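The values are calculated or read from the model by the stated rules, or taken from the named source; none is laboratory data. A quick note: this is a predicted structure, and the numbers were derived from the prediction, not measured. For neighbour counting, all protein chains shown are included, and Cβ atoms are generated from backbone atoms with ideal geometry for every residue, glycine included. Ligands, DNA and RNA are stripped out before the accessible areas are found, and what is left, the full protein with its side chains, is counted by its heavy atoms. Shrake-Rupley method; radii C 1.70, N 1.55, O 1.52, S 1.80 Å.
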Amino acid sequence: MKDTNSSFSSYIFSKQFLRNALTVIFGNLIYAIGVAFFILPTGLITGGTTGIAIIMNHHFGITISLFVGMFNAVMFVIGFGLLGKEFALTTMISTFAFPTILGFLQKLVGSFVLTNDMFLSALFGGLCIGTSLAIIIRIGASTGGMDIPPLVLNKYFKVPVSVSLYVFDFIILIGQMMFSPKRTSLYGIVLVLVYTITLDRLLAIGAAKTKLEIVTKASEEITNAILHDIDRSATLLHGKTGYLGRETDIVMTIISSRELYKVEKLVHDLDPDAFIILSKVGSVHGRGFSREKRYLEQK
């Protein structure tokens, strides 16, 4: 327990925490810009904690600020228990940063309206929210509230964050559609679509990889070159050519897009007749990709 508390204390005073805290504040700034300049002026319905608060206010008269405060407190406790102290700490920063920045921007903006076009508001508001969520989620934090359930589902059940956000937000939107104008409701759907698609695309940056399957007579040389020159792992699959019926090995490896040219040149230098099958992989989980590399001694 002492070691855990000591490591947590050292994290609080580390450069990493400072970077994460500044990143969270920057992400909340972008979120607040989207809300202050595009969502509030046009009265768009929205998802997340704010959307639930609007529903509760309409049906039960609970003030939006009171509900948001209580709901965020509950989600903070859940995040602290299931996602860890470091997550909870950065989430707490969001809990205070977002309303503070939003309040400042509302006073700064005043009666100024950037656009009355609801489509443009839904588009740019969605881009701001999706970008802010991606920035914050990529460092393992959240903006609090309804961001936490998708992260819990992703951690324990591997449900994609974007999918969970789609489901939760559409349920929240349906709840608001019951008492909102049809036009506002339709643009609210556009808003949610834009920010969930933006989030999905930004979270995928850096996760996509390239899989190569190399049919070659120089499988041993190519495997060694990939291991030592590219610093990537490789797997040998046993195969048989269809035309001549010759036994052969197929070298399979996963690389990043920036390594593709180097690997192709390496392969064709060793075997000009090598046959390369290339395919895109959405994400790769394991050492060297989602986990730190570990080098084992060869027997």
Those helices of the chain passing the 20 Å axial Cα length cut-off and the mean Kyte-Doolittle cut-off of 1.6 (DSSP H runs only) are 64-83, 118-137, 161-177
Quick one: what Rg and Dmax do you get for segment 106-151 from the alpha carbons, in Å? 13.8, 36
Would you grab the residues whose amide H sits under 5 Å from the one on Ser142? Only those 5+ places off in sequence or on another chain, please, with H modelled 1.01 Å from N. Thr91
Determine the shape class of segment 60-108: with a ≥ b ≥ c the square roots of the Cα gyration tensor eigenvalues, call it rounded for a/c under 1.5, and otherwise prolate if a/b is greater than b/c, oblate otherwise. oblate
Of 130-138, 174-182, ordering from highest average Cβ density within 10 Å down gives 130-138, 174-182
Overall Cα dimensions of segment 96-210, principal axis frame, Å, largest first: 47, 32, 30
I'd like the accessible area for His228: 1.4 Å probe, protein heavy atoms, all chains in place, Å² to the nearest 10. 130 Å²
Compute the Rg to Rh ratio over segment 47-143 from the alpha carbon atoms, using the Kirkwood formula for Rh, and round to two decimal places. 1.00
Sequence order, segment 213-224: Karplus ³J(HN,Hα) from phi using 6.51 cos²θ - 1.76 cosθ + 1.60, θ = phi - 60°, Hz rounded, Gly and Pro as x, gives 10, 10, 8, 8, 8, 10, 4, 5, 5, 5, 4, 4
Two-decimal ratio, the chain, of alpha-carbon radius of gyration to 2.2 N^0.38 Å: 1.29
State, in angstrom, two size descriptors of segment 159-284 derived from its alpha carbons: Rg to one decimal place and Dmax to the nearest whole number. 23.1, 71
